[in-house]
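The values are calculated or read from the model by the stated rules, or taken from the named source; none is laboratory data. Fair warning: this is a prediction, and the values are worked out from it, not measured in the lab. As a convention, Cβ positions derive from the backbone with ideal geometry for all residues, glycine included, and neighbour counts pool all protein chains shown.
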Amino acid sequence: MLTRIDHIGIACFDLDKTVEFYRATYGFEVYHSEVNEEQGVREAMLKINDTGDGGASYLQLLEPTREDSTVAKWLAKNGEGVHHIAFGTADVDGDAADIKAKGVRVLYEEPRIGSMGSRITFLHPKDCGGVLTELVTSADPQAGH
Ligand code: CMX
Ligand code: CO
């Protein structure tokens with residue numbers, strides 16, 4: 001069951017500059033940052049609020065680490081902006097299977113590793129009304145992500 005908005009993914013050309021915009025404009029601080037080589041991103045997670053399921057909601061700021069990454073391709077085509085949304089669930093495998101059975105393309109056979117050791121998969125934007133949609137199971141939901 002999907003129980004929260006886990007994060008909104010925002011693509012940017014310059015992560016440090018974008019982090020500073022969110023800090024100076026809204027007062028949001030970086031909760032966690034990492035490089036995910038498989039996804040081809042350098043990212044910062046800004047925690048916005050805790051959620052009723054023991055998890056949390058974040059902004060995920062994404063800067064590409066290589067030209068052939070999905071985010072680099074998307075930025076070249078669209079410029080900076082909202083890249084994807086992510087729903088949180090305690091069971092990414094089960095929810096992905098249920099959604100696949102409804103005819104929506106799930107992009108990965110098996111969930112991969114996302115922010116903070118989470119397990120993630122994606123739904124094809126063309127099957128989701130133009131919205132690239134991620135499903136996330138936190139590494140430790142009771143710890144806030
Ligand atoms: N949102 C909405 N539509 C998108 C999109 C996005 N983020 N990315 C691509 N599309 C659309 C394109 O506009 C294009 O539509 P048209 O054919 O109408 O022009 C179509 O999908 C195909 O796009 P493409 O540029 O040819 O890109 P690809 O098919 O090579 O890749 C996708 C698209 C979704 C399969 C790829 O972006 C992907 O695998 N995404 C999942 C992984 C990811 O995004 N990782 C980064 C974030 C990591 C994280 O969140 O932790
Ligand atoms: Co994401």
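Where in the stretch 1-76 are there strands (runs of 3 or more DSSP E), lying wholly inside it, with at least 2 residues that are crowded, with 18+ Cβ neighbours inside 10 Å? If you could, list the steps in order and put the result at the bottom.
Values: elements: 2-11, 30-36, 41-50, 56-64.
Hits in the stretch 1-76: 2-11, 41-50, 56-64.
Among the residues of the stretch 102-123, are any of a type outside the set (Ser, Thr, Tyr) and part of a helix (DSSP H, G or I)?
Yes.
Could you look through the stretch 68-123, keep only residues that are in contact with an Asp or Glu (Cβ under 6 Å, 6 or more places away or on another chain) and of a type in the set (Gly, Ala, Ser), and pick out the one that is nearest to ligand 1 (Cβ to nearest atom)?
Ala86
Output yes when any residue across the stretch 89-112 is under 16 Å from Gln60 (Cα atoms), surrounded by fewer than 13 Cβ atoms within 10 Å (Cβ to Cβ) and modelled with pLDDT of 95 or more, and no when none is.
We begin by selecting, within the stretch 89-112, every residue under 16 Å from Gln60 (Cα atoms); these are none.
The answer is no, given that none of the residues of the stretch 89-112 is under 16 Å from Gln60 (Cα atoms), surrounded by fewer than 13 Cβ atoms within 10 Å (Cβ to Cβ) and modelled with pLDDT of 95 or more.
Any residue at all in the stretch 124-144 that's on the phi > 0 side of the Ramachandran plot, in a loop (DSSP other than H, G, I, E, B) and away from ligand 1 (no atom under 13 Å from the Cβ)? Break it down into steps so the answer makes sense when it comes.
Taking the stretch 124-144 and keeping what is on the phi > 0 side of the Ramachandran plot, we get 129-130, 144.
Checking which are in a loop (DSSP other than H, G, I, E, B) leaves us with 129-130, 144.
Still in the list and also away from ligand 1 (no atom under 13 Å from the Cβ): 144.
Checked the stretch 124-144: at least one residue is on the phi > 0 side of the Ramachandran plot, in a loop (DSSP other than H, G, I, E, B) and away from ligand 1 (no atom under 13 Å from the Cβ).
Can you tell me which condition Leu62 does not meet? The list is (1) within 11 Å of ligand 1 (Cβ to nearest atom); (2) closer than 15 Å to Ile5 by Cα; (3) not β-branched (Val, Ile, Thr), and all the others hold.
So Leu62 meets the others, but not (2).
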